[in-house]
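In what follows, a single structure is set out as structure tokens and then discussed.
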Amino acid sequence: MATNRTPDPDERYSEEACVVIDSLEQIGSQWRLIVLHDLQEGEKRFNELKRSTGSSARTLSRVLDDLQEMGFVDRRLEEDAPVATYYSLTEKGCSLSPVFDAIERWAETWLDGDDDAAEAVDSLTS
């Protein structure tokens, strides 16, 4: 006799899918992706990141703390006048470069006619 029980969410996904889901949970927020993409260009000061990402200081600070805690971003404090905080990608963060390249190629192919989606991708890639 078959039972009609709802599968446990953990049972619904293959191991491969779980790896993708776990990865997206780490980098998948809008602000994390924007900051990670922006830092692909190289080390930036906090205020440079704030301007280039369009985020508030509070949001950017929280995102940078999260990314640093997860090992994607390094923080460097320069105490000479004026005091400045610099952020750069770690090896783990740099390893995302081919992922961003692949997403950009995919977007160019598949989002060509979708203005809203293209705008969202542009915000990540500009």
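The values are calculated or read from the model by the stated rules, or taken from the named source; none is laboratory data. Here the structure is a predicted model, which means the values were calculated and not measured. Because the Cβ atoms are built from the backbone with ideal geometry, glycine has one as well, and the counts that use them run over all protein chains shown. Side chains included, ligands, DNA and RNA excluded: accessible areas come from the protein's heavy atoms. Shrake-Rupley method; radii C 1.70, N 1.55, O 1.52, S 1.80 Å.
Could you sort LEU64, LEU33 by accessible area so the largest value comes first, with the probe set to 1.4 Å?
LEU33, LEU64
Filter the GluC sites (Glu not before Pro) in the stretch 15-120 to those in DSSP coil with at most 16 other Cβ atoms within 10 Å of their Cβ, and list the result.
For GluC sites (Glu not before Pro) across the stretch 15-120 that sit outside H, G, I, E and B with at most 16 neighbouring Cβ atoms in 10 Å, the list reads GLU43, GLU79.
Rounded to the nearest 0.05, what FRET efficiency do VAL20 and SER61 give with R0 = 30 Å and r taken as the Cβ-Cβ distance? Could you check? Kindly include the intermediate steps, with their values, before the conclusion.
Details: r = 29 Å, r/R0 = 0.95.
Taking R0 as 30 Å, the efficiency between VAL20 and SER61 is 0.55.
From largest accessible area down, sort TRP31, TRP110; use a 1.4 Å probe on the protein chains.
TRP110, TRP31
How far apart, in nanometres, would the label points at THR90 and GLN68 be if each is projected 7 angstrom from Cα along the Cα-to-Cβ direction?
About 1.2 nm, to one decimal.
With each pseudo-label sitting 7 Å past Cα toward Cβ, what's the TRP106-GLU79 distance in nm, one decimal?
For TRP106 paired with GLU79, the spin-label model returns 4.5 nm.
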